[in-house]
1. In degrees, nearest 10, range 0 to 90: what is the angle between the Cα axis of helix 176-186 and the longest Cα principal axis of the chain?
2. What does DSSP give for region 37-169 in terms of the percent of beta bridges that are antiparallel, rounded to the nearest 5?
3. Using only the alpha-carbon atoms of region 37-169 as identical scatterers, what base-10 log of I(q)/I(0) does the Debye formula give at q = 0.14, 0.19, 0.22 Å⁻¹?
4. Most exposed first by the Cβ proxy, i.e. fewest other Cβ within 10 Å, how do 261, 76 rank?
5. Translational diffusion coefficient, Stokes-Einstein: compute it for region 46-106 using the Kirkwood radius over C-alpha pairs as Rh, at 20 °C and 1.002 mPa s, and state it as an integer in µm² s⁻¹.
6. No solvent, one uniform scatterer per C-alpha: report log10 I(q)/I(0) for region 99-230 via the Debye equation at q = 0.10, 0.17, 0.22 1/Å, two decimals.
7. Specify the angular offset, from 0 to 90 degrees and rounded to the nearest 10, of the alpha carbon long axis of helix 253-265 from the longest principal axis of the alpha carbons in the chain.
8. Report, in degrees rounded to the nearest 10, the 0 to 90 angle that the Cα long axis of helix 42-54 makes with the longest principal axis of the chain.
Amino acid sequence: MKSKVVAILETRTGAHLAEMITRRGGVAMPAPALEEVPDIEPAAVAALIERWRDKPFGMVVFQTGVGTAGLFAAADLAGLTSTLLEFLAAATIVVRGPKPTAALGARRVRIDVRAPTPFTTDTVLQAVSGIDLTTANVLVQRYGAANRKLTDALRARGAAVEEIATYRWELPADQRPLERLLQALRGDGVDAVVFTSAVQIHNLYAVARRLGEADALATAMNRRVIASIGPVCSSALRAHGITPTFEASPPKLGPLIDALDAALSA
């Protein structure tokens, strides 16, 4: 990928991605597409614990590392961490991928069910398919947006489902990097674009619509190498008329950069 300009829409691990690209001779173009805004207060954890005490959750699904850490941080502030750990010990703990696994490991929480790669909603549902959920009380740690597919599927199996939001996704306060990316896409200023979540695509289009450039965006993107971290991301790209050049397998940064290097070299 020597001298190739690669746009990065990732925020949290964007600097790490840029370093990986630079080490291989590429030119990283950071364009953070979202901000993760904390969305849980100690009072909300206290209210959750009271509901949990009255009607215990038999299963808890952790979907993201940052959300899991946020829940525990709020519990720390509320002085309720020991109670939360006690309640979790009595529940079936389900994790969506390696990031919530690491966050739970830091708190020494036992994990009972791990969704297989590529860590999608479908693989979570597959992982819990053998568990009887009739009349079960299930808590889902929500990521930046509601996961209707997951909650609807659990309810269809007879579960009572509650989602707890620990953070939300918003457009970044500084949208100038995204505007510069759109300008580069209009010309020859970028060779590849890396997407690591579906929300990045939605937010890029939100900025493009504000600038009146949404209609031409898919055509401009399809002239570049489009890297997708996994099937959820690829589905969102295709919904906007963009064809991913490749999808990382497994859905991790190392394989993503390896495939990007190969695609740009070709």
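Values quoted throughout were computed directly from the atomic coordinates according to the rules given, and no laboratory measurement underlies them. Since we're looking at a predicted model, the values are computed, not measured. For neighbour counting, all protein chains shown are included, and Cβ atoms are generated from backbone atoms with ideal geometry for every residue, glycine included.
1. Roughly 50 degrees, rounded to the nearest 10.
2. 10
3. Ignoring solvent entirely, the Cα scatterers give -0.56, -1.10, -1.53.
4. 76, 261
5. Answer, rounded: 182 µm²/s.
6. After summing over all Cα pairs, the log10 values are -0.50, -1.00, -1.32.
7. 20
8. 50
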